[in-house]
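S.K.: Quick one: structure below, then a few questions.
The values are calculated or read from the model by the stated rules, or taken from the named source; none is laboratory data. Just so you know, these numbers come straight off a predicted model, no measurement behind them. Here the Cβ is made from the backbone with ideal geometry for all residues, glycine too, and neighbour counts use every protein chain on show.
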Amino acid sequence: MSHRVWISAASLVLLACSFGCQNRLHDENLSLHRQNRELQERLSEAELKLQQAPDPAQMQRLQGELAAREAKIAELENQLRQPPPGQPHDPSLAGIEVTRDDKAGTVTVNIPGDVLFASGQSELKESSKKTLNQIIRAIKTDFAGKTIMVDGHSDSDPISKTRDKWKDNLDLSAARARTVAAYLKEQGVTRVGTRAFADTAPKASKAASRRVEIVVQVRDTGSLADTR
């Protein structure tokens with residue numbers, strides 16, 4: 001199962017906590033969800049009982065409890081999206097998200113292509129290095145020595161203005177993955193490989209499809225790939 005968490009500042013604290021270090025808010029949130037399910041089951045049971053012996057007071061009480069817990073869950077989820085106390089939102093992390101896949105044993109950082117590169121280019125924007133540096137700090141702190149795959153993705157628009165540089169989207173997405181991987185290595189991240197997917201794994205929009213994903217193999221397989 002995959003879980004999505006929006007990143008705030010403070011060196012990608014949520015990335016560091018994606019596996020194994022659930023914080024208090026996450027624990028409380030999960031507990032409330034479980035209690036919600038129990039209340040919903042009780043409501044269903046109460047509805048059956050009401051058909052035989054109506055008890056509006058009991059139904060109203062249960063519905064009130066359920067509404068209160070749903071409000072609390074919404075409040076906690078909003079807190080999870082906020083930066084830690086005293087930490088402002090970091091514009092360099094805008095649009096970036098982290099997902100974890102418990103089954104595959106991976107943590108994936110999704111970085112929009114527009115954050116990293118100019119249109120049709122594979123050279124990093126100078127401004128993108130601040131974003132990458134925060135991700136690198138989190139990787140070094142919590143996932144040192146783990147296998148890292150840098151995946152390049154594109155939209156489905158054919159290469160046109162830069163056909164002198166790229167023969168197709170696979171070529172461009174491979175070059176972008178190599179650029180990000182090279183920067184990670186320059187900053188001391190080890191065990192880095194690359195993959196290119198072009199437009200074979202699209203997102204909801206073309207802008208979202210243009211991206212680079214840094215995939216941390218938390219449950220390490222011990223292998224590296226460098227494919228196009």
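S.K.: With the structure loaded, tell me whether Lys165 is in a loop (DSSP other than H, G, I, E, B), touching a residue at least 24 places away in the same chain (Cβ under 8 Å) and not hydrophobic (A, V, I, L, M, F, W, C) or whether it fails that test.
M.R.: Yes.
S.K.: Still on this structure, I have one more. Give me the pairs, please: first residue somewhere in the range 96-107 and in contact (Cβ under 8 Å) with a residue 40 or more places away in the chain, second residue anywhere and polar (S, T, N, Q) and not in a strand (DSSP E or B), beta-carbon distance under 9 Å, and either six or more positions apart or on two chains.
M.R.: Going by the 9 Å Cβ cut-off, the qualifying pairs are Ile96/Thr131; Val98/Ser18; Thr99/Ser18; Arg100/Ser18; Gly105/Thr221; Val107/Ser18.
S.K.: Would you mind finding the one in Lys165, Lys140, Lys185 that is surrounded by fewer than 19 Cβ atoms within 10 Å (Cβ to Cβ) and either outside the structural domain of Val212 (by TED's automatic domain parsing) or farther than 18 Å from Glu213 by Cα (or both)?
M.R.: Lys165
S.K.: Right, Ala208: closer than 26 Å to Gln134 by Cα, in contact with a Pro (Cβ under 9 Å, 6 or more places away or on another chain) and assigned by TED's automatic domain parsing to the domain that holds Ile135 or not?
M.R.: yes
S.K.: Just wondering, is there one or more residues in the range 206-228 that are under 14 Å from Thr108 (Cα atoms), touching a His at 6+ places or on another chain (Cβ under 6 Å) and at pLDDT 95 or above?
M.R.: Checked the range 206-228: at least one residue is under 14 Å from Thr108 (Cα atoms), touching a His at 6+ places or on another chain (Cβ under 6 Å) and at pLDDT 95 or above.
S.K.: Let me ask something else about it. Looking at (1) over 19 Å from Gly113 (Cα atoms); (2) in contact (Cβ under 8 Å) with a residue 24 or more places away in the chain; (3) of a type outside the set (S, T, N, Q), which is the one condition that is false for Ala201?
M.R.: (1)
S.K.: Moving to a separate point now. More than 19 Å from Phe117 (Cβ to Cβ) and not basic (Lys, Arg), is that true of Thr147?
M.R.: yes
S.K.: Here's something else I'd like to know. With (1) under 27 Å from Arg219 (Cα atoms); (2) surrounded by fewer than 13 Cβ atoms within 10 Å (Cβ to Cβ) as the list, and Ser127 as the residue in question, which single condition is left unmet?
M.R.: The single condition Ser127 does not satisfy is (1).
S.K.: In the list Ser128, Ser154, Ser119, which residue meets the criterion of being among the hydroxyl-bearing types (Ser, Thr, Tyr) and at pLDDT 95 or above?
M.R.: Just one listed residue meets the conditions, Ser154.
S.K.: Hey, another quick one. Checking the condition farther than 16 Å from Ser122 by Cα and not in a loop (DSSP other than H, G, I, E, B), which residue from Val189, Val216, Val212 passes?
M.R.: So the residue among Val189, Val216, Val212 that is farther than 16 Å from Ser122 by Cα and not in a loop (DSSP other than H, G, I, E, B) is Val216.
S.K.: Does Arg176 satisfy being crowded, with 21+ Cβ neighbours inside 10 Å, touching a Ser or Thr at 6+ places or on another chain (Cβ under 7 Å), in a helix (DSSP H, G or I) and in the same structural domain as Val98 (by TED's automatic domain parsing)?
M.R.: yes
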